[in-house]
Amino acid sequence: MSGPDFPDSGAALVVGGSGGIGGAICAKLAARGAHVALSYRNNRDGADAAAQAVRAAGRTAEVGQLALEDPAAVQAFVDDMAARFGGLHSVIYAAGPDIPQPYIYEVTPEDWRRTFDADVNGCFNLVHAALPHLRGQTPSSLTAISTAAVERHSPRDILSNAPKAAVEMLVKGVAREEGRFNIRANCVALGVIDTGLFLRFKEEIYDARTVEAMRKATALKRLGTAEEVAEAVVFLASARAAFVTGQVLAVDGGYQV
């Protein structure tokens, strides 16, 4: 497909742009021509670094703090960013709660409710707030980060894959119902990516043998990078994927194979 990947008017909104993966997505969006609005929860330094990368690419960046569990706050944030940029052509859900890794028998009802509120309800709050803006600037796209563990459960990963399964169904529903407005919606399902939450787990939970087993579990025999995730996300969000919707693209090195 010829032409720009993104329009010069409006912006891409990256919720969770302060993390390792979110920051790489912001930088890649800017490199492909998009202005970027991004949110953070606690990591202001990461958000500022992501915004600086966007500006270094000659694009405009705006940053705001956001708690996805608060529907009114999400609505206000999305409306504000749309107003600042004159619309939103892409919305990317790259957020997720900082979860432990318990076995299912160790998960408490409070853990379950907290995780689903932060991830599933948070994603729904974003979709609810963003759809009117995406309808207002079409063609447009919604892209959400999911996990390859939805298709292949790993022990102690239920607080990741159960909420992401719900997120995937929400996104597929948007694809089916909003296609008539030229809104596309897709997910990117991640394997083990050597950044973000994985780095904390590697310090606190995983030993060298566990990390090596994860590497061997992939067909490519290595871990993924934030840059590789960003390439997939930005492709699906862009005009280059104009006839792709309702899909879950696994960026997992062949973990599901």
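Odds and ends about this structure:
- Members of the range 133-150 found to be part of a loop (DSSP other than H, G, I, E, B) and either aromatic (Phe, Trp, Tyr) or surrounded by 16 or more Cβ atoms within 10 Å (Cβ to Cβ) (or both), listed by number: Gln137
- Check on Phe235, among the hydrophobic types (A, V, I, L, M, F, W, C), free of Cβ contacts under 8 Å to residues at least 12 places away in the same chain, surrounded by 12 or more Cβ atoms within 10 Å (Cβ to Cβ) and part of a helix (DSSP H, G or I): yes
- Which listed residue, of Gly86, Gly122, Gly64, is in contact with a Ser or Thr (Cβ under 9 Å, 6 or more places away or on another chain) and within 26 Å of Ile193 (Cβ to Cβ): Gly64
- Residues of the range 129-145 that are closer than 18 Å to Gly22 by Cα and among the polar types (S, T, N, Q): Ser141, Thr143.
- Some residue of the range 199-222 being of a type in the set (Asp, Glu) and either part of a strand (DSSP E or B) or under 20 Å from the mean Cα position of the chain (by Cα) (or both): no
- Among the residues listed as Ala166, Ala175, Ala130, the single one being in a helix (DSSP H, G or I) and out of contact with any strand residue (DSSP E or B) (no Cβ under 8 Å at 6 or more places or on another chain): Ala166
- Unique residue being closer than 30 Å to Phe124 by Cβ and modelled with pLDDT under 95 when the list is Thr195, Thr210, Thr218, Thr225: Thr195
- Answer residue from the range 61-118, given it is touching a Gly at 6+ places or on another chain (Cβ under 6 Å) and assigned to a helix (DSSP H, G or I) and is farthest from Ala31 (Cα to Cα) among those: Phe77
- Being farther than 29 Å from Asn182 by Cα, over 16 Å from the mean Cα position of the chain (by Cα) and surrounded by 17 or more Cβ atoms within 10 Å (Cβ to Cβ) is a property that holds for Gln101.
- Of the residues making up the range 21-31, those that are touching a residue at least 40 places away in the same chain (Cβ under 8 Å) and in contact with a strand residue (DSSP E or B) (Cβ under 8 Å, 6 or more places away or on another chain) number 4.
- Leading residue by the ranking (farthest from Pro100 (Cα to Cα)) among those in the range 135-182 that are in contact with an Asp or Glu (Cβ under 9 Å, 6 or more places away or on another chain) and β-branched (Val, Ile, Thr): Val167
- Hits in the range 1-44 (condition: hydroxyl-bearing (Ser, Thr, Tyr) and either modelled with pLDDT under 95 or under 17 Å from Leu88 (Cα atoms) (or both)): Ser2, Ser9, Ser39
The values are calculated or read from the model by the stated rules, or taken from the named source; none is laboratory data. In this text the structure is predicted, and so the values were computed from the model without any measurement. No Cβ is skipped: glycine too gets one built from the backbone with ideal geometry, and neighbour counts run over all protein chains shown.
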